[in-house]
Amino acid sequence: MSFQISGLKVTEFAALKGLSDAELAERGARRVTADHYPGFPCRVSLVDAQPGERLLLVNYEHLAVGTPYRSRYAIYVREEAHEARPAVDEIPQALRIRLLSLRGFSAAGELLEADVAAGDALPGVIERMFTNPEVAYLHAHNAKPGCYAARIERA
């Protein structure tokens, strides 16, 4: 079964671009500089920032549903990010190199499936989760820190 991974839209963060550190702090965000690689995965471009590259660390609501599973957490967005456009069945670099938690949700935002897998083993786990016809989409999270990584849908 084919799948499509997508990052976040750069437009969601446009209002933060160019703000001062004080203005970011007023919005609960901050500017950070990557000091090693990998370690700063951008949720828009789905690649890790290079050392010296600047990112925004923001609190992002990745599951805006009216259920107990509603969720938000810290994520990184590269200041000069361009939206990822992975091919069908492609695992982007920022996911491929990490241990991930996959969560399968119904269209109403109810958790139906969950598993943990190495990024390079994702295709089999994705396929298995999508055999459940009630699973509308998957969210991938970095398993150790728990932060949202990407959305996965049937292609």
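Just so it is clear, none of the values below were taken in a lab; they were calculated from the coordinates. Bear in mind that the values here come from a model prediction, so they are computed numbers and not experimental data. Cβ sites come from the backbone with ideal geometry, for glycine too, and all protein chains shown count toward neighbours.
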Among the residues of region 1-29 satisfying the criterion of being surrounded by 13 or more Cβ atoms within 10 Å (Cβ to Cβ) and more than 18 Å from the chain's Cα centre (by Cα), which is nearest to ALA155 (Cα to Cα)?
-> LEU16
Quick one: what pairs do we get from region 111-124, first residue on the phi > 0 side of the Ramachandran plot and aromatic (Phe, Trp, Tyr), second surrounded by 13 or more Cβ atoms within 10 Å (Cβ to Cβ) and not in a helix (DSSP H, G or I), C-beta under 9 Å, 6+ apart or different chains?
-> none
For region 79-101, state whether one or more residues are among the aliphatic types (A, V, I, L, M), part of a helix (DSSP H, G or I), in contact (Cβ under 8 Å) with a residue 24 or more places away in the chain and closer than 29 Å to ALA121 by Cβ.
-> yes
For ALA74, the lone unmet condition from (1) in contact (Cβ under 8 Å) with a residue 40 or more places away in the chain; (2) part of a loop (DSSP other than H, G, I, E, B) is (2)
Residue count, region 29-58, condition assigned to a strand (DSSP E or B), over 19 Å from PRO92 (Cα atoms) and not polar (S, T, N, Q), comes to 7
Applying the selection to region 33-42, what residues are exposed (fewer than 14 other Cβ atoms within 10 Å of the Cβ) and either farther than 17 Å from TYR148 by Cβ or in contact (Cβ under 8 Å) with a residue 24 or more places away in the chain (or both)?
-> THR33, ASP35, HIS36, TYR37
